[in-house]
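Engineer: Before anything else, here's the structure in question.
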Amino acid sequence: MSEPNKVKVGMISFAHSHGRSYFRELVSMPDVDIVGISDESRTRVQPILDSYGIPYFEDYQDLLAMEQLDAVVICSENVHHARITLAAAKAGKHVICEKPLGTTVEEMKAMIRACEENGVRLMTAFPCRYLPAVVEAKEAVDRGDIGEIVAIKGTNRGSMPGSWFVDPALSGGGAVLDHTVHVMDLMRWFLGSEPDRVYAEMGTLFHELPVEDAGMVHVTFTNGAVAVLDTSWSRSKSFPFWGDVTMEIIGTNGTISVDAFGQKNEVYNNDAGKAQWSHWGDRMDAYMLKDFVRTIKANGSVPISGDDGMRSAAVALAAYESVKRKASVAMSEIMG
């Protein structure tokens, strides 16, 4: 039986691996009750159902119909984000949606509008804002420690995820859509400025795939700052960690280097056959989800909005258009 002062949360789809990490964080929060799980594949969530006895719904609409449900976490394939969010908004449920928020600007605008019209919150899952190195760098920038930012060099290189991520009918794109959004959100946040023009190069360099696995995205911001971002799935199987998020932030009075996952120990184990990084630091997912729950309880504004999600994803969409045209693209054309 749910306690009245707890936020009642439903999980919709575990297609994205982040769904499991989000579940682990939410189920441990004393002010949260997970009241239902919906996934089109029951076998994918059966271990969780067996361990926790949480009600299962094959159709997410049945979960949304629960009167006691306050909010949902959406971790479906990218192309389903919009229709699930629209249904949740219509049902009066708050939403935190996995990145990228959507696969077209039009559908992302519809998601934002539906949540506004139905009086529910829409938060984009950008947990990198909560990494300690990122938080401290943002505080340093806000204090003026390096003056005005003139350029940022970023990376979000990871391992090729396979599965539906490499099926454009389900993902909407490859590495550029998958890995532009996190660091682009950080760049927008640090600069307090919006992307103005985008130029990109991309290709399929590391694997045989129907989508790109490498990309370099160049952005000019409205305040004149420039940025470049490596979005590749270039990490080999032998690499000791699943990915990296880094930024070199160049200011008029100094430079800040950010290694977002730098809280790690190096482990050498003959059984593993390779060096490994054991991350011992703060859990970014936990902080993000606590912020989402806190917002719902306080009836406040989410710290990372649907608009944030849309504007970061739109840069990836502009990158695809840039490659098609072989020229830079104005963000005003993409945003409409």
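Engineer: Specify the inter-centroid distance of segment 129-161 and segment 270-336, based on alpha-carbon positions, in whole Å.
Structural biologist: Rounded to whole Å, the Cα centres lie 13 Å apart.
Engineer: Given the options I334, G162, S13, identify the residue whose Cα lies farthest towards the positive end of the charge dipole of the chain (+1 on Cβ of Lys, Arg; -1 on Cβ of Asp, Glu).
Structural biologist: I334
Engineer: While we're on this one: Could you tell me how many degrees, from 0 to 90 and to the nearest 10, lie between the Cα long axis of helix 18-27 and the main elongation axis, the longest principal axis, of the Cα atoms of the chain?
Structural biologist: Relative to the chain, helix 18-27 is tipped by roughly 50 degrees.
Engineer: Ignoring ligands, DNA and RNA, what percent of the accessible area of segment 101-227 is carbon or sulfur (1.4 Å)?
Structural biologist: Values: 2500 of 5010 Å².
Here it works out to 50 percent.
Engineer: Straight-line reach only, C-alpha to C-alpha below 12 angstrom: list the aspartates and glutamates that K6 could link to, leaving out same-chain residues fewer than 8 apart.
Structural biologist: Partners within reach: D31, D33, D70.
Engineer: Let me ask you something else. At 1.4 Å probe size, what's the solvent-accessible area of L205? Round to the nearest 10 Å².
Structural biologist: 130
Engineer: Sticking with this structure for a sec: Given a Förster distance of 51 Å, report the FRET efficiency between S163 and R143 from their Cβ-Cβ distance, rounded to the nearest 0.05.
Structural biologist: On the way: r = 43 Å, r/R0 = 0.84.
Using R0 = 51 Å, I get an efficiency of 0.75.
Engineer: Taking the highest mean first, how do the peptides 298-311, 81-94 order by number of other beta carbon atoms within 10 angstrom per residue? Spell out each step's value before the answer.
Structural biologist: Numbers: 298-311: 17.5, 81-94: 21.4.
Going by the mean number of other Cβ atoms within 10 Å, highest first, we get 81-94, 298-311.
Engineer: Helix-derived [θ] at 222 nm for the chain: sum -39500 (n - 2.57) over DSSP H runs of at least 4, divide by residue count, nearest 500? It would help to have the intermediate numbers written out before the result.
Structural biologist: On the way: 11 runs with 122 residues, N = 336.
The helix-only estimate for the chain comes to -11000 deg cm²/dmol at 222 nm.
Engineer: Tell me, in nm to one decimal, what length is gained between N299 and E208 on full extension, where the rule is 0.36 nm per residue of separation less the Cα-Cα distance?
Structural biologist: On the way: separation 91, 0.36 × 91 = 32.76 nm, distance 4.74 nm.
Working it through step by step, the gained length comes to 28.0 nm.
Engineer: Something else now. List the residues, sorted by chain then number, that are 5 or more residues from H279 or on another chain and whose placed amide H is less than 5 Å from its amide H.
Structural biologist: N265
Engineer: Report the charge-dipole magnitude of the chain in Debye, nearest 20, computed about the Cα centre from +1 at each Lys and Arg Cβ and -1 at each Asp and Glu Cβ. The partial results should precede the final answer.
Structural biologist: Working: 32 positive and 45 negative charges, 22 e Å.
Magnitude of the dipole: close to 100 debye.
Engineer: Leaving ligands, DNA and RNA out of it, work out the accessible area of S238 with a 1.4 Å probe and give it in Å² to the nearest 10.
Structural biologist: It works out to around 80 Å².
Engineer: Can you give the accessible area of C128 in Å² (nearest 10), computed on protein heavy atoms with a 1.4 Å probe?
Structural biologist: Rounded to the nearest 10, that gives 10 Å².
Engineer: Another question about this same structure. Note down the Stokes-Einstein diffusion coefficient of segment 1-49 in µm²/s, whole number, using a Kirkwood radius over alpha carbon pairs, 20 °C, and 1.002 mPa s. Walk me through the numbers on the way to the answer.
Structural biologist: Numbers: Rh = 11.4 Å.
Reported coefficient: 189 µm²/s.
Engineer: Against the longest alpha carbon principal axis of the chain, how many degrees, from 0 to 90 and to the nearest 10, is the axis of helix 132-143 turned?
Structural biologist: Approximately 60 degrees, to the nearest 10.
Engineer: Measure nothing but the geometry: give the 0 to 90° angle between the long axis through the Cα atoms of 175-191 and the longest principal axis through the Cα atoms of the chain, rounded to 10°.
Structural biologist: 80
Engineer: A follow-up question, please. Check segment 33-168 and count each lysine pair with an alpha-carbon distance under 20 angstrom, considering only pairs eight or more places apart or from different chains.
Structural biologist: On the way: K90/K109; K93/K109; K99/K109; K138/K153.
Lysine pair count for segment 33-168: 4.
Engineer: Another question, if that's okay. If all Cα-Cα distances of the chain are sorted into 20 Å bins from 0 onward, what percent lands in each bin, rounded to whole numbers?
Structural biologist: 30, 59, 10
Engineer: When ligands, DNA and RNA are left out and all protein chains stay put, how many square angstrom of accessible area per residue does the chain have with a 1.4 Å probe?
Structural biologist: Values: 14690 Å² over 336 residues.
Accessible surface, normalised per residue, equals 44 Å².
The values are calculated or read from the model by the stated rules, or taken from the named source; none is laboratory data. Everything numeric here is computed off the predicted structure, so don't read it as measured data. Every residue, glycine among them, receives a Cβ derived from its backbone with ideal geometry; neighbour counts consider all protein chains shown. With ligands, DNA and RNA removed, areas are computed over all heavy atoms of the protein, side chains included. Shrake-Rupley method; radii C 1.70, N 1.55, O 1.52, S 1.80 Å.
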